[in-house]
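Here's the structure we're looking at; comments come further down.
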Protein chains: 2
Amino acid sequence: MPNKKRTVFFISDSTAITAETLGHSLLAQFDHVQFHQFTLPFVDSTDKAKEAITIIDEIAKITETKPIVFSTLVNAEIRQVIKNSNCIFFDSIDTFLTPLEKELGMPSSQMVGSYHKLKDNIYDVRMDAVNYALVHDDGITMKNFDTADVILVGVSRSGKTPTCVYLALQFGIFAANYPRTEENFVNKDRKDYAALTLFKKKLFGLTINPARLQKIRSERWPNSRYASLPQCQAEVGMAEALFIAEDIPYINVTMMSVEEIAAHILQFQKLQRRLFT
Amino acid sequence: MPNKKRTVFFISDSTAITAETLGHSLLAQFDHVQFHQFTLPFVDSTDKAKEAITIIDEIAKITETKPIVFSTLVNAEIRQVIKNSNCIFFDSIDTFLTPLEKELGMPSSQMVGSYHKLKDNIYDVRMDAVNYALVHDDGITMKNFDTADVILVGVSRSGKTPTCVYLALQFGIFAANYPRTEENFVNKDRKDYAALTLFKKKLFGLTINPARLQKIRSERWPNSRYASLPQCQAEVGMAEALFIAEDIPYINVTMMSVEEIAAHILQFQKLQRRLFT
């Protein structure tokens, strides 16, 4: 099948993040098409919508193909301006909001950007959770492990830090991270071993294929002992032995994105989201 | 209007993040309804779907109201199992994928979780961008400012760090952050002033209402000089004077979520996303 090219617009009266998320998930189903993507956030007036359609119509003319538009525009008047352009219009507001209004038996507030508008307590939880993830990065301090929702354990570069930060931003989860190094846990007399066993129920292990780990480490530190395959094999082996010996639940993240790792942790540890509840 | 209560499920064969994002953006339009939300990720077999519908049907029975389901289930057979339960089914795959297939003139790959599946280069960009944001948090080091896509300037607790981390995770943007303190910039002989002027085009300012800043700082450090209103007013005043004197673009983030701040920065600085391009 020859590769196709299509232009796609994500248009919103707010950040356009919902339009992008939905659109990307659908476009990911078409491997053979190359998509040129443009995001137009904050289209919150008919004047801005008219600016947008000059771009859309121009591209339609040049490419002789209608651009695809993913819209979360809430205002019906602005939406109509874009719909009148030379495009294929996918509308997640009109499609779902009208039946939802009917089902709930009340009109929606039709508030632009309600979802990503700042809510006081949400902001603070996020700030706190992100700051928490940063303070606890790489086991710098263990003194606040009692307030952690989850403590990730794994070898260096197994994805603990991005996962902690993602859990904080997306769900308001307080995630600490404790690096699994050669010396930790092996000596049960060590202070940190005692500290960690106190919080055993919060521990969750990440493991990774040693060859993949070698590849990740080698990108930044090529030809180092740290990035060598024997070193990666030894560290991963010890980490997995520990997870089994101490009965710490763990997943293999070799083929997982940060979103997938986070979703597995939430599900397995039955963590309550602090955002969107 | 009396407050209503409704149960909502987000169901996916993958992380359910797309279902949550779309669903939350729609539910945010109904202020008067209290939603009990359950996320069921990784429903990737008819057996798991059958487990899900026992929960859905049980809640329908207890509450005497059909639960609302937001689904991104790709597999038609699994989807049908859920659709047969006692629920109101909102389906973003069937609704949009079929017309998209028609428009693109080809079948979709019907790949479960294609969007949040790990792609090699995406993972590395994210890891690198998140690590970059952490290394450069609070201006700890300025030596890699030349690789920054954007450098955020603002007083302590104006939202620089969560924004940097969000830009890294969501878009793969390399965002550094430089704290605006009383002494920076004021003395033009200072080394950091010279360093920053080198990267002037990358600078972007965040300002905030002093009363709001006082509230944020007081939560963590009550009754401190740092959190006092005069201190907040003085710092914000100096930061804004600097932005104007040095012609640094800036936004007031008082009423903005991290998503909104990030979307404004991307748009204003015309930054190219390293993810999803």
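The values are calculated or read from the model by the stated rules, or taken from the named source; none is laboratory data. Keep in mind the model is a prediction, meaning the values are calculated, not measured. Positions of Cβ are backbone-derived with ideal geometry, glycine not excepted, and every protein chain shown enters the neighbour counts.
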- Residue count for region B:231-260, restricted to those that are touching a Phe, Trp or Tyr at 6+ places or on another chain (Cβ under 6 Å) and in a helix (DSSP H, G or I): 3
- Considering region A:116-167 alone, what residues qualify as being within 14 Å of another protein chain (Cβ to nearest Cβ), modelled with pLDDT of 90 or more and farther than 24 Å from A:Gln214 by Cα? A:Leu167
- Query: Would you say A:Ser109 is away from every other protein chain (no Cβ under 11 Å), hydroxyl-bearing (Ser, Thr, Tyr), out of contact with any His (no Cβ under 8 Å at 6 or more places or on another chain) and part of a loop (DSSP other than H, G, I, E, B)?
  - Reply: no
- Task: Taking B:Lys201 as the residue in question, decide whether it is basic (Lys, Arg) and over 23 Å from B:Met127 (Cα atoms).
- Result: yes
- Within region B:261-276, residues under 18 Å from the mean Cα position of the chain (by Cα) and part of a loop (DSSP other than H, G, I, E, B) come out as B:Leu271, B:Gln272, B:Arg273, B:Arg274, B:Leu275, B:Phe276
- Task: Would you be able to tell me the number of residues in region A:12-51 that are over 25 Å from B:Met255 (Cα atoms), more than 7 Å from chain B (Cβ to nearest Cβ) and surrounded by fewer than 21 Cβ atoms within 10 Å (Cβ to Cβ)?
- Result: 6
- Among B:Asn177, B:Asn187, which is modelled with pLDDT under 95, crowded, with 22+ Cβ neighbours inside 10 Å and polar (S, T, N, Q)? B:Asn177
- Query: For region A:1-46, what are the residues that are touching a Gly at 6+ places or on another chain (Cβ under 9 Å), charged (D, E, K, R) and not in a strand (DSSP E or B)?
  - Reply: A:Asp13, A:Asp44
- Item | region B:257-269 - residue that is in contact (Cβ under 8 Å) with a residue 60 or more places away in the chain and of a type outside the set (Val, Ile, Thr) and, of those, nearest to the other protein chains (Cβ to nearest Cβ) | B:Glu259
- Task: Take region A:260-274 and flag every residue that is surrounded by 23 or more Cβ atoms within 10 Å (Cβ to Cβ) and modelled with pLDDT under 90.
- Result: none
- Query: What pairs come up if the first residue lies in region B:23-45 and is of a type in the set (Asp, Glu), the second is surrounded by fewer than 22 Cβ atoms within 10 Å (Cβ to Cβ), and their beta carbons are under 9 Å apart, counting only those six or more places apart or on different chains?
  - Reply: B:Asp31/A:Ser109; B:Asp31/A:Met111; B:Asp31/A:Ser114; B:Asp44/B:Asn75; B:Asp44/B:Val112
- Task: Return a yes/no flag: does region B:193-203 have any residue that is surrounded by fewer than 18 Cβ atoms within 10 Å (Cβ to Cβ) and farther than 18 Å from B:Asn177 by Cβ.
- Result: yes
- Note on the structure: All conditions in (1) more than 26 Å from B:Leu73 (Cβ to Cβ); (2) within 29 Å of the chain's Cα centre (by Cα) are true of A:Ser71 except (1)
- Message: I need the full set of residues from region A:230-277 which are of a type in the set (A, V, I, L, M, F, W, C) and at positive phi, in order please.
- Response: A:Phe276
- Item | Residues of region B:58-106 that turn out to be out of contact with any helix residue (DSSP H, G or I) (no Cβ under 9 Å at 6 or more places or on another chain), within 11 Å of chain A (Cβ to nearest Cβ) and in a helix (DSSP H, G or I), as a count | 6
- Task: Restricting attention to region B:233-251, report how many residues are touching a residue at least 24 places away in the same chain (Cβ under 8 Å) and more than 22 Å from B:Thr197 (Cα to Cα).
- Result: 1
